[in-house]
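> Submitted below is the structure of interest, expressed as structure tokens.
Taken together, the values in this text are just the output of simple stated rules run on the coordinates, not laboratory data. These numbers were taken from a predicted model, which means no experiment stands behind them. Cβ: placed from backbone, ideal geometry, glycine included. Neighbour counts: every protein chain shown.
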Amino acid sequence: MSTAAETTLSIGQVSALTGLTTHTLRFYEQEGLFVAPVRRNAAGRRVFTTEEVEWLKVCTKLRSSGMPLPEIRRYAGLVLAGPGNEVERFDILRRHEANVQQQVDDLQEALTVIHRKVELYARRLDEGTADQLWTNGPECDPLPDAAE
């Protein structure tokens, strides 16, 4: 039975598992986003472990949630440096978590406004009065706030 350390995946396999293109994987390597140097097989092709794939999944989520590449690189560098900088890593993640939470809150607020507009249009279309929307200035939504 082989161990995870013995199991390696090609760049194509990693691309399929992560959704990242091979170009992006090479770019991430050039940017120093891996927590260990990317190894190569006897033919000189990049090979990855399952742990590296999991790390890439974390990087992908950090990136898709708005963390800038330099900040991911900084975080990866701290992980690569090993024990002793956990507080710095925690601070990076905590700040990013706060940023993502603010994005979620902003999107939730936007969704609430959009949802109310959809309800307004649905109601006005059912009533046959949708043609009067925006005829006397901005649409107004007479629906009460959810808090009321």
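> For the chain, what does the equivalent ellipsoid look like in terms of its semi-axes, each the square root of 5 times an eigenvalue of the Cα gyration tensor, given largest first in whole Å?
Calculated on Cα positions only, the semi-axes equal 48, 20, 13 Å.
> To the nearest 10 degrees, how steep is helix 69-81 against the longest Cα principal axis of the chain, on a 0 to 90 scale?
Around 40 degrees separate the two axes.
> Can I ask one more? Could you calculate the FRET efficiency of ASP106 with ALA81 from 1/(1 + (r/R0)^6), where r is the beta carbon distance between them and R0 is 35 Å, rounded to 0.05?
Details: r = 34 Å, r/R0 = 0.98.
Taking R0 as 35 Å, the efficiency between ASP106 and ALA81 is 0.55.
> Percent relative contact order of the chain, based on C-alpha pairs within less than 8 angstrom and at least six residues apart?
Normalised by residue count, the contact order of the chain is 18 percent.
> Here is a further query. For a quick check: sort TRP55, TRP134 by the number of other beta carbons within 10 angstrom, fewest at the front.
Numbers: TRP55 19, TRP134 9.
By the 10 Å Cβ count, ascending, the order reads TRP134, TRP55.
> Mind checking the log10 I(q)/I(0) for region 40-81 at q = 0.28, 0.29 Å⁻¹? Debye, one equal scatterer per Cα, no solvent, two decimals.
Debye curve over Cα of region 40-81, log10 I(q)/I(0) at q = 0.28, 0.29 Å⁻¹: -0.96, -0.98.
> List the GluC sites (Glu not before Pro) in region 34-142 that DSSP assigns to loop (not H, G, I, E or B) and whose Cβ has at most 14 other Cβ atoms within 10 Å. Which are they? Don't skip to the end; give the middle numbers.
Numbers: sites: GLU51, GLU52, GLU54, GLU71, GLU86, GLU88, GLU97, GLU109, GLU119, GLU127, GLU139; in loops: GLU139.
Passing sites in region 34-142 are GLU139.
> Then there's this: Once every DSSP H run of n ≥ 4 in the chain is given -39500 (n - 2.57) and the sum is divided by its residues, what mean residue ellipticity at 222 nm do you get, rounded to the nearest 500 deg cm²/dmol?
Counting only the DSSP helices, I get -20000 deg cm²/dmol.
> Here's something else I'd like to know. Looking at region 83-133, what % of the alpha carbon pairs are farther apart than 12 Å?
Working: 927 of 1275 pairs.
The proportion of pairs with Cα distances above 12 Å equals 73 percent.
> Classify region 1-67 as rounded, prolate or oblate from the Cα gyration tensor: take a ≥ b ≥ c as the square roots of its eigenvalues, call it rounded if a/c is under 1.5, otherwise prolate when a/b beats b/c and oblate if not.
Numbers: a/c = 1.86, a/b = 1.50, b/c = 1.24.
Prolate, since a/c reaches 1.5 and a/b exceeds b/c.
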